[in-house]
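See below for the structure under consideration.
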Amino acid sequence: MSQDFVKLKFDDGIAIITISRPASLNALNSSVLAELDSAIAEVRESPAARALIITGEGSKAFVAGADIGEMADLTPDEAVAFSRRGQAVFSAIEHLPIPTIAAVNGYALGGGCELALACDIRISSENARFGQPEVGLGIIPGFGGTVRLPLAIGRSRAAYMILTGKLVSAKEAHEMGLVAEVVPLESLPSRAEELARELGAKSYVAVAYAKRMLFPDDEALAREARRFGQCFESGHPKEGMSAFLERRPAKFSD
Ligand code: CO8
């Protein structure tokens, strides 16, 4: 498969994946998800890889979410399938036996925040902003956010983020425990690599077992996908996403 949007490189035992679709703020469309899936498979099959870093191209966005243009016209069944597809890719990241670090270099919204949550540890630049803005689009987080966000920061803070859709700054995300460290943008790659080397030097047997103890419940992910699909039984996703694309406020009246 050609890797137009997802770059993978190996640097002395560290695998680095960069989501690279900057014109759309690295939004996750089907091609990006497929390429990410194949990059994860390559990392899994690389015995020399001791840690993985996932980051985004540029200085504006880590990943600004699932591609809104691709989701607007989904049927409920297609929506469940799309959610399950993204969840499977993110679970593949989570299930890697090596430690994974999200180096969040800007907006991490919707599916982007969920991608960061699928990593074991998040560090971010000072300009990063996190959010689950889906309710403003007539949908719910569908790539594991309703399951992993409360596990990461507790139900109360997760409810605040998911129900208001508000974005939080890197500083607030750090105070909530959503990110472990905040560093200047120019230091993010070197700090991520330093941390990856530190984690990669631990017992990889112990790390792999420790990680397994932290996996979320598969049934909760399946429930999220079903609820995500149910949103599409109403006209709200179409209205919410059309409004974003037309740069106008959404009106949820029906
Ligand atoms: N999808 C598609 N295109 C996007 C997305 C996105 N999520 N985010 C940004 N873009 C595009 C914009 O449309 C724009 O394209 P163009 O230049 O062609 O008009 C370009 O990227 C630059 O964006 P802006 O002009 O909007 O840049 P601003 O600096 O004005 O704003 C923001 C930056 C605040 C990040 C703004 O772009 C924004 O709000 N983006 C959408 C964020 C969002 O709502 N994300 C959540 C999406 S829903 C989701 O992720 C659900 C996940 C679960 C899916 C479950 C499976 C089905």
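Summary table below
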| quantity | calculated |
| --- | --- |
| Members of segment 192-214 that are under 20 Å from the mean Cα position of the chain (by Cα) and within 25 Å of residue 172 (Cα to Cα) | 192, 193, 195, 196, 214 |
| Residues (outside any helix (DSSP H, G or I) and either touching a strand residue (DSSP E or B) at 6+ places or on another chain (Cβ under 8 Å) or away from the ligand (no atom under 11 Å from the Cβ) (or both)) located in segment 18-28 | 18, 19, 20, 25, 26, 27, 28 |
| Test: residue in segment 210-224 that is away from the ligand (no atom under 16 Å from the Cβ), modelled with pLDDT of 95 or more, among the small types (Gly, Ala, Ser) and within 17 Å of residue 121 (Cβ to Cβ) | yes |
| Given (1) in a loop (DSSP other than H, G, I, E, B); (2) open to solvent by less than 10 Å² (accessible area, probe 1.4 Å); (3) not basic (Lys, Arg), number of the condition residue 101 does not satisfy | (1) |
| Selected residue [within 16 Å of the chain's Cα centre (by Cα) and under 14 Å from residue 101 (Cα atoms)] from 54, 14 | 54 |
| Candidates 155, 191 - the one that is under 16 Å from residue 117 (Cα atoms) and open to solvent by 20 Å² or more (accessible area, probe 1.4 Å) | 155 |
| Criterion: open to solvent by less than 10 Å² (accessible area, probe 1.4 Å), within 16 Å of the ligand (Cβ to nearest atom) and in contact (Cβ under 8 Å) with a residue 12 or more places away in the chain - qualifying residue of 117, 33 | 33 |
| Top-ranked residue in segment 20-30 [being touching a residue at least 40 places away in the same chain (Cβ under 8 Å) and either in contact with a Leu (Cβ under 6 Å, 6 or more places away or on another chain) or among the polar types (S, T, N, Q) (or both); ranked as surrounded by the fewest Cβ atoms within 10 Å (Cβ to Cβ)] | 30 |
| Some residue of segment 149-164 being out of contact with any His (no Cβ under 8 Å at 6 or more places or on another chain), under 23 Å from residue 231 (Cα atoms), within 16 Å of the ligand (Cβ to nearest atom) and assigned to a loop (DSSP other than H, G, I, E, B) | no |
| Subset of segment 60-89 that is within 10 Å of the ligand (Cβ to nearest atom) and closer than 16 Å to residue 39 by Cβ - its residue that is surrounded by the most Cβ atoms within 10 Å (Cβ to Cβ) | 63 |
| Filter pass, residue 106 being within 10 Å of the ligand (Cβ to nearest atom), under 19 Å from residue 237 (Cα atoms) and touching a residue at least 12 places away in the same chain (Cβ under 8 Å) | no |
| Residue match in segment 124-132 (condition: closer than 21 Å to residue 213 by Cβ and either of a type outside the set (Val, Ile, Thr) or buried (at least 24 other Cβ atoms within 10 Å of the Cβ) (or both)) | no |
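The values are calculated or read from the model by the stated rules, or taken from the named source; none is laboratory data. Note that this is a predicted model, so its numbers are computed, not measured. Cβ sites come from the backbone with ideal geometry, for glycine too, and all protein chains shown count toward neighbours. Heavy atoms of the whole protein, side chains included, go into the accessibility calculation; ligands, DNA and RNA do not. Shrake-Rupley method; radii C 1.70, N 1.55, O 1.52, S 1.80 Å.
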